[in-house]
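Derivation of every value follows stated rules applied to the coordinates shown; laboratory data play no part. As the structure is a computational prediction, the values presented were derived from the model and not from experiment. Counting neighbours? That spans all protein chains shown, and the Cβs are built from the backbone with ideal geometry, glycine included.
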Amino acid sequence: MKRFAGQTVLVTGGNKGIGRGIATRFAQEGAKVAIAAIDKDTPEAARAIAAETGAETLGLVLDVTDAAAVRATYEEVEARLGALSVSVQNAGVITIAKVEDLTEREWDFNLDVNTKGVFLCCQEAIRRFRASGTRGRLINTASGQARQGFIYTPHYAASKFGVMGLTQSLAKELAREGITANAICPGIIHTEMWDYNDRVWGQMLGDYGPGELMAEWVEGIPMGRAGTPAEVGALVAFLASEDAAYITGQTINIDGGLIMS
Ligand SMILES: NC(=O)c1ccc[n+]([C@@H]2O[C@H](COP(=O)([O-])OP(=O)(O)OC[C@H]3O[C@@H](n4cnc5c(N)ncnc54)[C@H](O)[C@@H]3O)[C@@H](O)[C@H]2O)c1
């Protein structure tokens, strides 16, 4: 299927993990794909996606917490790939700490990247959709922690509940313009972020060796396995497609049945 032929799609955090799965799916479906992430290897990752899929890609280094840099990135994407149709706000961070050890700096770091970063990118994408008259799509990566806070991550949970709230508010403002805004809640997807979680939560919750906490939590998933970035990419592509034209303001779990609300 080439549902996005000729369309320009931007995925933040698209150089690795879940974002890479999302970017690759759009590239496979004919989109011109820009990825923007803080990692220095982002241009190289874009070239690898192009080599794998034959799509036109662009990789830009971006810190999503920097409003001026966000604006410049969207400008460059449109200058080089054409008017934007889909913006996927996926870049995110996590840290894990007991409440009395949780620093203000950590709180700000998680909220800045996960919530303010999503807001700044949505704001810039909306400016561009309106300027070009595009019935664009916003898709924001929240988390199972937008449904239920887990232990030792009140800041991360707050940041992801925030993503759900801002998505709903934007959806209401944009609905009459044909622009949709939705959020997704991945459960357990094996990425570098999960390796960090496995190690740090594992140390804090008990005497877990490498991979053991992950294995225990995956056992608790009704489907009995972790998800893949490609599976998340398939959901995001659906939400960006014509088939999802009447879906807005929703937060959709993709977690093998882990959370059913
Ligand atoms: N892996 C999971 O199980 C899981 C579960 C729920 C939600 N999520 C969310 O999915 C998203 C992707 O996570 P992942 O597991 O692929 O993690 P990852 O660590 O593999 O990738 C994180 C991405 O975010 C980018 N990033 C971080 N800070 C940035 C900044 N300031 N500016 C621009 N880019 C920045 C990184 O460059 C990288 O591309 C995150 O929002 C995360 O919170 C992940």
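Computing Rg and the Kirkwood Rh from the Cα coordinates of the chain gives a ratio, Rg/Rh, of 0.96.
Counting other Cβ atoms within 10 Å as a rough exposure proxy, the listed residues MET260, MET164 run MET260, MET164 from fewest neighbours to most.
Sites listed here are trypsin sites (Lys or Arg not before Pro) in the stretch 13-57 whose DSSP assignment is loop and whose Cβ has at most 16 other Cβ atoms within 10 Å: LYS40. Gyration tensor over the Cα atoms of the stretch 1-126: the corresponding equivalent ellipsoid has semi-axes (square roots of 5 times the eigenvalues, largest first) of 28, 15, 12 Å. Taking 0.36 nm per residue of sequence separation and removing the Cα-Cα distance, the ALA230/ALA5 pair yields an extension gain of 79.1 nm. Restricting the chymotrypsin sites (Phe, Trp or Tyr not before Pro) of the stretch 181-261 to loop positions (DSSP other than H, G, I, E, B) with no more than 12 neighbouring Cβ atoms within 10 Å leaves TYR246. Between the listed residues LEU166, THR115, LEU102, the Cα displaced farthest toward the positive end of the dipole of the stretch 93-186, a dipole computed from Cβ unit charges relative to the Cα centre, is found at LEU166. P(r) tail, the stretch 92-170: Cα-Cα pairs separated by more than 17 Å, 47% of all pairs. For a paramagnetic label modelled on ARG127 (point 7 Å from Cα along Cα→Cβ), amide N atoms under 13 Å away belong, within the stretch 36-80, to 66-78.
The simple spin-label model puts a point 7 Å past each Cα toward its Cβ; for ASP63 and GLN148 those points are separated by 3.6 nm. For the stretch 145-232, the ratio of Cα radius of gyration to the globular rule of thumb 2.2 N^0.38 Å stands at 1.33. Once each part is reduced to its C-alpha centroid, what is the distance from the stretch 117-187 to the stretch 207-230 in angstrom? Taking the Cα centre of the stretch 207-230 as reference, the centre of the stretch 117-187 is 27 Å away. Taken over the stretch 19-70, the alpha-carbon convex hull comes to 67 cubic angstrom per residue.
Among the lysines of the stretch 1-124, pairs that are 8 or more positions apart or on different chains and have alpha carbons within less than 24 Å of each other number 8. Based on the Kirkwood radius over alpha-carbon pairs, what is the Stokes-Einstein translational diffusion coefficient of the stretch 201-261 at 20 °C with 1.002 mPa s viscosity, in µm²/s? Answer from the Stokes-Einstein relation: 154 µm²/s. Charge dipole of the chain (Cα centre as origin; +1 on each Lys and Arg Cβ, -1 on each Asp and Glu Cβ, all else neutral): 1040 debye, rounded to the nearest 20.
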